[in-house]
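Here is the structure we will look at, set down as structure tokens.
The values are calculated or read from the model by the stated rules, or taken from the named source; none is laboratory data. Fair warning: this is a prediction, and the values are worked out from it, not measured in the lab. Methodologically, a virtual Cβ is constructed for each residue, glycine included, from the backbone with ideal geometry; neighbour enumeration extends over all protein chains shown.
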Amino acid sequence: MQKADTEALRLEYARRMLRKASVPEDPGLLAAMAAVPREHFLGPPPWQVRDHPGGYSPPSDDLALIYDDVLVALDAARGINNGSPSLHARGLHALAPRDGDHVVHIGAGTGYYSAILAEMVGPAGRVWAVEYDQGLAERARACLADRSNVETVCGNGSDWPDRPVDIVYVNFATDRPSDRWVEMLRPGGRLLFPLGVPAHADVGGSDFSARAGYLLVTATADGYAARFVQSVAFIWGRGLADAGSDSQERLAAAFRAGGALRVAGLRWKSAPRMTEWFSDPDWGLEVAPAGEGTG
């Protein structure tokens, strides 16, 4: 495929992903998705895609196949994929990366969405791509080597950020936020992570979330605003809840009961309040007053 044809393919793909994600006009995100070659982060062809629960497609070297809203296998045996572009488009739009922002991307895989973030924050910005799996981290380091504003880290995502940042973007599901994700946000900083509960093993022993929602937390002068962006399904990370607690059962019950769209704030390291959608001793999700939001 000629270079001009490839660029046109990526631009049309970016437009379709933003439309599918119901993202209003976002020139920075559109340009970043159109600029980053997805194939660079997938390994050499042939590729396998998964666009439905039935499994992966036969291997193919058709470039157009991967420029669609499909999961592309990074490690098919373990069910590890390069995630849905429309889902990430929705998440990145909600985070609203700005020129010069410092971003920690946790669960970076091979770095495709880290590269998109790097485009959005520009040369004055900084992205730390954090990946726990050593093999994926090594691939990410190679794929991102030409980006001077990105540092790849092989480490435990709950230990990051290690300094104040503007954005924390987490790409695995967990049952509570890590202390560092919340407490290292600068004023106005944004955290987006999949909050949920685990399901049984799906493929090759990898666990996935049974119920989860993209929770957006924003550091404000008065504490932390919070809202659910949408329902999601993600690979399950190490649960952060205390061993032996019943928090996962209570969180699952909260999702079943509904009302998640009324969540408006994060209570952090303070006493529980009477009207919360979900409560743990040291954190909780507060609801908006009656009549505000839907669930």
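Here are some notes:
- The residue that is surrounded by the fewest Cβ atoms within 10 Å (Cβ to Cβ), among those in region 165-186 that are out of contact with any Asp or Glu (no Cβ under 9 Å at 6 or more places or on another chain) and in a loop (DSSP other than H, G, I, E, B), is 172.
- Considering the conditions (1) closer than 19 Å to residue 191 by Cα; (2) over 16 Å from the mean Cα position of the chain (by Cα); (3) buried (at least 21 other Cβ atoms within 10 Å of the Cβ), residue 162 is excluded by exactly one of them, (3).
- Within region 283-295, residues that are modelled with pLDDT of 65 or more sit with their Cβ atoms under 6 Å from residues that are of a type outside the set (Ser, Thr, Tyr) and in a loop (DSSP other than H, G, I, E, B), at 6+ positions apart or across chains, in these pairs: 284/272.
- Members of region 1-23 found to be without any contact (Cβ under 8 Å) to a residue 12 or more places away in the chain, outside any loop (DSSP other than H, G, I, E, B) and of a type outside the set (D, E, K, R), listed by number: 4, 8
- Residues considered: 189, 213. Of these, the only one that is buried (at least 20 other Cβ atoms within 10 Å of the Cβ), at pLDDT below 95 and either of a type in the set (Ser, Thr, Tyr) or closer than 21 Å to residue 105 by Cβ (or both) is 213.
- Sub-8 Å Cβ pairs linking a first residue in region 162-177 that is closer than 16 Å to residue 96 by Cβ to a second residue that is of a type in the set (Ser, Thr, Tyr), at least 6 apart or interchain, are 169/113, ordered by first then second residue.
- Pairing residues of region 194-223 that are farther than 22 Å from residue 178 by Cβ with residues that are at pLDDT below 95, at Cβ distances under 6 Å and at least 6 apart in sequence or on separate chains, gives 201/207; 202/79; 202/208; 203/79; 204/77; 204/78; 204/79.
- Residues that are closer than 30 Å to residue 78 by Cβ and not in a strand (DSSP E or B), drawn from region 220-235: 232, 233, 234
Every residue, every condition in (1) more than 17 Å from residue 156 (Cα to Cα); (2) surrounded by fewer than 24 Cβ atoms within 10 Å (Cβ to Cβ); (3) in contact (Cβ under 8 Å) with a residue 24 or more places away in the chain, yes or no:
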position	(1), (2), (3)
93	yes, yes, yes
104	no, no, yes
110	no, no, yes
119	yes, yes, yes
122	yes, yes, yes
125	yes, yes, yes
128	no, yes, yes
132	no, yes, yes
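- Scanning region 55-77 for residues that are of a type in the set (Ser, Thr, Tyr) and at pLDDT 90 or above, we see that the one that is nearest to residue 111 (Cα to Cα) is 67.
- Inspection of region 50-61 finds no residue satisfying the criterion of being touching a residue at least 24 places away in the same chain (Cβ under 8 Å), surrounded by 17 or more Cβ atoms within 10 Å (Cβ to Cβ) and either within 23 Å of residue 144 (Cα to Cα) or polar (S, T, N, Q) (or both).
- Beta carbons closer than 8 Å, at least 6 apart along the sequence or on distinct chains, pair a first residue in region 24-40 that is without any contact (Cβ under 8 Å) to a residue 60 or more places away in the chain with a second that is among the aliphatic types (A, V, I, L, M) for 30/14; 30/18; 34/11; 34/14; 39/63; 39/66.
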